[in-house]
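Heads up, the thing below is written out as structure tokens.
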Amino acid sequence: MTKTTTVDCYNCHSGETEPFLRENGFWLVRCKGCGLLYIRERPDEETIEIATAIGQHHGEQDLDANVHYNPGVKAEYRRFLPEIFPDGFAGIGSWLDIGCGYGEFIETLTERSHGSIDVVGSEPNVTKQASAKKRNLNVDYFDLATHPRQYDVVSLLNVYSHLPNPYEFISGLKRVIKPGGEFLIQTGNAADFSAEDILKPLGLPDHLSFTSESILTDMLERIGFKVVSVHKFPDLPIEPKKIAKEIAKFILPKYNSYLKYYVNYRKYSESKMFIRARLPAES
Ligand SMILES: [Zn+2]
């Protein structure tokens, strides 16, 4: 039995909501104040912390968030990085990737920068951390409130939706970014979708909230960052080797296939979002 707790919107502090959709025994609601999608009645903090460490989340069906090391995502990062960093990585000597998972991004960044960046990863999931270490990546789990180092860039990729309170978490990250340094965040540009159109399953309650470009850029500015750039890419997650399986799921009505979303491909052409934001330099 999962212990639950009720929370207000972490972005605008409103408690006024309307139901959005129900999945895996949890309601995702839309904040009437700012439009954020979040689970208002959610697993309590202790349950979330344990779940994040071991990669198991409990709902009506237990979700296994461990997945596997996926070199396939590196192809995506190789395509995205030159667009997000058109001027290359000059001036970037150190980089911390928070929630680095198996380290696919660290590997791509190291390759793209020809090893010129000292890339460090932090990962709470013990299975993922061990896998990254085995591939000789500099990965550990840091307490960011006491971590003694500052970096030229700190990235947070595909972590946002898992965080109980992203506003608080990102505010806390400022202390590990050098003055004038950068923050790179990737998350779904999802909160503007209707319940019908949003990509499902949403992975509740592993995912606790969904934001949008306008909500997130506004939030970053309030936290004290200056938004440098926003890049958006299509997010239709079918890996080539899974196409046959997706076609089978598409034909059999009891399964939910991502293939149905490809019919409306253009709707999802901007749903994967990367935002670069900078801290002010010390005066
Ligand atoms: Zn709100």
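Which residues, counting only those in the stretch 206-216, are over 17 Å from Phe169 (Cβ atoms) and open to solvent by less than 10 Å² (accessible area, probe 1.4 Å)? Give the steps one after another, and end with the answer.
Of the residues in the stretch 206-216, the ones over 17 Å from Phe169 (Cβ atoms) are 212-214.
Answer for the stretch 206-216, where residues must be over 17 Å from Phe169 (Cβ atoms) and open to solvent by less than 10 Å² (accessible area, probe 1.4 Å): just Ser212.
Any residue that is out of contact with any Cys (no Cβ under 6 Å at 6 or more places or on another chain), among the polar types (S, T, N, Q) and surrounded by 20 or more Cβ atoms within 10 Å (Cβ to Cβ) - is there at least one of those in the stretch 132-153?
no
When the residues of the stretch 154-173 are filtered to those that are open to solvent by 40 Å² or more (accessible area, probe 1.4 Å), out of contact with any Leu (no Cβ under 7 Å at 6 or more places or on another chain) and in contact (Cβ under 8 Å) with a residue 60 or more places away in the chain, which remaining residue is nearest to Glu45 (Cα to Cα)?
Only one residue tops the list, namely Asn165.
Quick one: Lys267 ticks every box in (1) open to solvent by less than 80 Å² (accessible area, probe 1.4 Å); (2) modelled with pLDDT of 70 or more; (3) among the charged types (D, E, K, R) bar one, so which box is it?
(1)
Quickly run through the stretch 176-196 and pick out the residues that are within 27 Å of Thr47 (Cβ to Cβ) and not β-branched (Val, Ile, Thr).
Narrowing the stretch 176-196 to residues within 27 Å of Thr47 (Cβ to Cβ): 176, 185-188, 190-191, 195.
The answer is Gln186, Gly188, Ala190, Ala191, Ala195.
Looking at (1) within 19 Å of the chain's Cα centre (by Cα); (2) over 30 Å from Phe20 (Cα atoms), which is the one condition that is false for Glu111?
Here Glu111 meets the rest and fails (1).
Do you know which of the residues in the stretch 188-216 that are among the β-branched types (Val, Ile, Thr) and within 15 Å of the ligand (Cβ to nearest atom) is nearest to the chain's Cα centre (by Cα)?
Just the residues of the stretch 188-216 that are among the β-branched types (Val, Ile, Thr), to begin with: 198, 211, 215.
With the extra rule that they be within 15 Å of the ligand (Cβ to nearest atom), the set shrinks to 211, 215.
Working: Thr211: 10, Ile215: 15 Å.
Filtering the stretch 188-216 for residues that are among the β-branched types (Val, Ile, Thr) and within 15 Å of the ligand (Cβ to nearest atom), the one nearest to the chain's Cα centre (by Cα) comes out as Thr211.
Restricting to the stretch 174-202, what's the tally of residues that are closer than 29 Å to His147 by Cβ and surrounded by fewer than 18 Cβ atoms within 10 Å (Cβ to Cβ)?
5
If you go through the stretch 9-23 one residue at a time, how many are more than 8 Å from the ligand (Cβ to nearest atom) and more than 20 Å from the chain's Cα centre (by Cα)?
Within the stretch 9-23, residues that are more than 8 Å from the ligand (Cβ to nearest atom) and more than 20 Å from the chain's Cα centre (by Cα) number 8.
Which one of Arg222, Arg276 is under 19 Å from the mean Cα position of the chain (by Cα), at pLDDT 95 or above and open to solvent by 30 Å² or more (accessible area, probe 1.4 Å)?
Arg276
Looking at Glu107 and the list (1) in contact with a Ser or Thr (Cβ under 9 Å, 6 or more places away or on another chain); (2) open to solvent by less than 40 Å² (accessible area, probe 1.4 Å), which single condition is not satisfied?
With (1) in contact with a Ser or Thr (Cβ under 9 Å, 6 or more places away or on another chain); (2) open to solvent by less than 40 Å² (accessible area, probe 1.4 Å) applied to Glu107, the lone miss is (1).
One residue is enough: does the stretch 27-45 have a residue meeting the conditions more than 16 Å from the ligand (Cβ to nearest atom), open to solvent by less than 50 Å² (accessible area, probe 1.4 Å), among the basic types (Lys, Arg) and modelled with pLDDT under 95?
No, the conditions are met nowhere in the stretch 27-45.
The values are calculated or read from the model by the stated rules, or taken from the named source; none is laboratory data. Computed from a predicted model, the values in this text were never measured in an experiment. With ideal geometry, Cβ positions are generated from the backbone for all residues, glycine too; neighbour counts draw on all protein chains shown. These accessible areas exclude ligands, DNA and RNA; they are computed on the full protein's heavy atoms, side chains included. Shrake-Rupley method; radii C 1.70, N 1.55, O 1.52, S 1.80 Å.
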